[in-house]
Amino acid sequence: MFPYIASLFILPLVVSGLLLLLPKTAARVLVIASSVALSILSLYLFLNVDEPFYFGLPHYVNEIVAGADILLLLYFGWVAFRKKSLLVGVMSVLQLGGLLYLLKTMPAAESMQFMVDKLSTFMFLLINVISGVIAIYSLKYIDEEECSSFRKKYFLSILFWFIAVMNLIVSSDNLEYFFLFFELTTLASFLFIGFRKDKESVNNALTALWMNQIGGLAILAAIFFIHYNGFGEGTFTNLLANTGATGILLPLALLSVAALIKGAQMPFSKWLLGAMVAPTPVSALLHSSTMVKIAPFIILRLSPALRDTPVATVIIALTGFVFIAAAIGALSQDNFKRILAHSTIALLALMIMMGAVGTPVTIVAALALIMFHGISKCMLFLNAGILERVFHLKQSSDMDRLGEIGPFTSLVITIGFMSLLLPPFGAFIGKWMSIETLGAMTADKKILGALVMVAVACGGAVLSLLYFKVMGLMIARTGESDKLKFEKTGPIFSGTIYVLIGLIILSIIGLPWLVTEYFAPVAATSLNVNEIPVLTEGWNIYIGPIKLPLVPLLIAFFLLPVTIITAMFVRFKNVDRAKEYMCGEKVNYTFSSFYFSTDKATPYFYAAGVLFFISLIIVALI
Amino acid sequence: MNDYLIPVLLIVLAPIIGGLVYGFERVVKARMQRRIGPPLLQPFYDFLKLADKRKMIVHSAHAFLGIMHFVSLWFALGVLLLGGDLILVIFLHLLSTALIILAGYSTRSVFSHLGANRTAISVLAYEPVLIIIAVSIFMITGTFETGAVYLWDEPLLYKMPLAFVALLLILPIKLKKSPFDVAEAHQEVTGGVELEFSGLFYEAVYTAKWLDYVFCYTLVFLFAGSNILLGIGLIVFTFFYLNALDNSSARVNYKQMLRFSLGVAFSLAFINLLINILS
């Protein structure tokens, strides 16, 4: 098994190095070939890893990791000095101090540093397949970017390096290693966001840097407290082995803080929103398969330990709040990518919440959401890139003619939004989960359960409103022409989109199979139980005590998408056409989607977010 | 088999029942204003007249969405009457409203757009309240299945009176009655989303409104549990309340509507939910 796992780490690194050197045509072949190879490797691993697989590296590697940590932090310090960013500087100094202290006081690690289980292989599959698609797409996108040819190579190179780091982070067990990879993803996002080098990019990159550095600091503190409270080495295995012990809550809370920051939960949502200035494949990468998905990953890893603790309660309350707040925030956005970013934050909140509740059903739901959200969001962002490159559209209010000039793109975007909303994707999983949440709560926590349910329901309503707003633009057209001719966007753009559409359709058709064969075993690993009973009986799927009615779900699924897709193609014959009624006015109106000025509420949302984070630490201390 | 007889009959006859309710409503409203008003069957005469009109559309997608709005609303009503999951019913109702909103956005007509925007805001105003009511019902009965709620022995009204008041407050929004009829306000947006439909295609949107009556009064009926007499009483009361309110109030703007609905109705429903949890 080891060679396969190792090649998941080494192959992208090698590709990353080669891409800097190779000429363009060779780089093209290499990117496509290695993306396919990585996908196949991860699929193979997913099918073949059953038991957790531990492996270690020689001890001198620990020294290398420590050295790399220090170098990385020195680099951050240098960035702070050069860009005159006080926050980045303070964070780097704090981290460096903490790291040196830990290196001095901690005994040398004895246990294996890496652990690959079904949850890791699940993440491998997501990371490698989706990022591979994005890498292929980037070939064309970055080719049209206005920058030197070296920077184009450099972009693809960081992309593969990012994939390697992500593969490493989901398989590391030792928290010191985890810290290094965590910081490396931070570095990758910093380089990506600052890629365009203009003032806004640099500022947003620095914001992303210091915010994520707080996460790094939290991990260091977690390692310290694990040791200080007498649990020995800082590893995930060790943490989970000591579930329920006194003093374990603080490290858990600190790791959760790191997760919540990576997951861009309020008040740390700013870094993800700022990441929009980067080239679009970066957004696709950050939102779908890498970076933010570390957040639900950490929570899923820790969920057996978190379950039913006060820390979990605060996380549930926080994410319930963020779910609504991000959805409301999205309503005031006009930039297409910003709308997508807000909905990512909202859905991440949902995933983290489900992980924190930690019952079998919610874990299955969290996994399903992680995967489906990865596919849909990736497709939507890639389309946002196509809109920019092919149609030169960035604001959603300019898109009201897209249905005529780019019917295929508008159709695909509509499908993408619907897949975020409909079962098995967004809204319904929320409902399913909240019932379970409520059932799982003891009587004294029922109020929290009710609040969560209300949050999920209301947030879901707001989100669906948002999606319909965008879909409305996609479907708009004049009555002048009935012709429908799909536009051509080039083989790489359309090819990647076809792959993702195929994945969406397959995952919908294969839902019953996916739940039983794919999500349930992974959830069982994550929960440390042997098996989660999943039954398909007639038209219902039973997961433990929860029934998921398939028939109404399927009908609901057919009703909306089929209707909207048919609406694009249907043509009534023998009917006269009328112009729109203008009430006698001769003024030309511009049509834009309506938006709600919810910006005023944003500072309050941030303030509430800060309070939640403080209370997260306080409950862990008590 | 008998269990299904009444629901299926109700579902099949829903457009006719809704049309009769609408006709009766026009009579009652006229009498409240000391007019004679149209005959009871006037909605059906209108229906026949519309069918005879020249067929005109703006574009096919728009017309098709109108028809699908009717179909999906009928389906949502069917699930509600057959005892389906309440959250699913609310979700399906949202989908059907979404289709008419999308139809509104799909044309380049000002009034249609404004109407679609206002309909979207109306959804935002009543949807959370409905969901909280559904959760309260879950707290009492332990299930979301409406089939179990129809058979519940003790009328839910006694345990959730505030939720019932909240429902009464949002029903005018859902049924587009004054003071919350911004979505189709004829004097402002000349009917909103309905404007660009005509003839046979308007028929679908027109009868969908009748279905909405049946849908709303079924929601009212839920509060009576298995007590059918009380259920009918509630429906009659709600009917007169809605018409009296429609006749006696002036339209508010959408901001006031949203503030009122999320401020008052939502709070009432939520307080009720808390009481249900604590007791």
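For B:Phe47, the stated conditions do not hold, so it cannot be described as aromatic (Phe, Trp, Tyr), within 20 Å of B:Ile101 (Cα to Cα) and at pLDDT 85 or above. Just give me the residues in the stretch A:456-515 being more than 26 Å from the chain's Cα centre (by Cα), more than 14 Å from chain B (Cβ to nearest Cβ) and not in a loop (DSSP other than H, G, I, E, B), in sequence order. Of everything in the stretch A:456-515, just one residue is more than 26 Å from the chain's Cα centre (by Cα), more than 14 Å from chain B (Cβ to nearest Cβ) and not in a loop (DSSP other than H, G, I, E, B), namely A:Pro491. Listed by first and then second residue, the pairs linking a residue in the stretch A:554-578 that is over 27 Å from A:Leu511 (Cα atoms) to a residue that is at pLDDT below 75 and of a type outside the set (D, E, K, R), with Cβ atoms under 9 Å apart and 6 or more places separating them unless they lie on different chains, are A:Phe569/A:Leu484; A:Arg571/A:Leu484; A:Arg577/A:Gly479; A:Ala578/A:Gly479. Considering only the stretch B:16-28, I want to know if a residue exists there that is part of a helix (DSSP H, G or I), modelled with pLDDT of 85 or more and more than 18 Å from the chain's Cα centre (by Cα). Yes.
Considering the conditions (1) at pLDDT 75 or above; (2) more than 11 Å from chain B (Cβ to nearest Cβ); (3) assigned to a helix (DSSP H, G or I), A:Glu436 is excluded by exactly one of them, (1).
Selection of the stretch B:114-124 for residues being of a type in the set (A, V, I, L, M, F, W, C), surrounded by 24 or more Cβ atoms within 10 Å (Cβ to Cβ) and touching a residue at least 60 places away in the same chain (Cβ under 8 Å) yields only B:Ala116. Could you tell me which residue of the stretch B:78-129 is nearest to the chain's Cα centre (by Cα), considering only residues that are in a loop (DSSP other than H, G, I, E, B) and facing chain A (nearest Cβ under 7 Å)? The qualifying residue nearest to the chain's Cα centre (by Cα) is B:Gly84.
When A:Ala264 is tested against (1) buried (at least 18 other Cβ atoms within 10 Å of the Cβ); (2) in a helix (DSSP H, G or I), exactly one condition is not met: (2). A search for C-beta distances below 7 Å between a residue of the stretch B:50-69 that is free of Cβ contacts under 8 Å to residues at least 60 places away in the same chain and facing another protein chain (nearest Cβ under 8 Å) and any residue that is crowded, with 23+ Cβ neighbours inside 10 Å and not in a helix (DSSP H, G or I), counting only pairs 6+ apart in sequence or on different chains, returns B:His59/A:Arg477; B:Ala61/A:Arg477. The set of residues from the stretch A:232-261 being of a type in the set (Ser, Thr, Tyr) and surrounded by fewer than 24 Cβ atoms within 10 Å (Cβ to Cβ) comprises A:Thr237, A:Thr243, A:Thr246. Applying the condition of being among the hydrophobic types (A, V, I, L, M, F, W, C) and under 12 Å from B:Ala116 (Cα atoms) to the stretch B:186-200 and asking which residue is nearest to the other protein chains (Cβ to nearest Cβ) yields B:Leu195.
Looking at B:Pro161, B:Pro172, which is the one that is in contact with an Asp or Glu (Cβ under 8 Å, 6 or more places away or on another chain) and either more than 10 Å from every other protein chain (Cβ to nearest Cβ) or among the basic types (Lys, Arg) (or both)?
It is B:Pro172.
Screening B:Asp181, B:Asp153, B:Asp212 for residues that are in contact with a Leu (Cβ under 7 Å, 6 or more places away or on another chain), among the acidic types (Asp, Glu) and either touching a residue at least 40 places away in the same chain (Cβ under 8 Å) or part of a helix (DSSP H, G or I) (or both) leaves exactly one candidate, B:Asp212.
Pairing each residue of the stretch A:607-622 that is in a helix (DSSP H, G or I) with any residue that is of a type outside the set (Lys, Arg) and surrounded by fewer than 17 Cβ atoms within 10 Å (Cβ to Cβ), provided the two are 6+ apart or on different chains, yields C-beta distances under 8 Å for A:Val619/A:Pro310; A:Ala620/A:Pro310.
Within the stretch B:156-169, residues that are outside any helix (DSSP H, G or I) sit with their Cβ atoms under 6 Å from residues that are among the polar types (S, T, N, Q), at 6+ positions apart or across chains, in these pairs: B:Met160/B:Ser136; B:Met160/B:Asn272.
The values are calculated or read from the model by the stated rules, or taken from the named source; none is laboratory data. Keep in mind it's a predicted model, so treat the numbers as computed, not measured. FYI the Cβ positions are ideal-geometry reconstructions off the backbone, even for glycines, and counts take in every protein chain you see.
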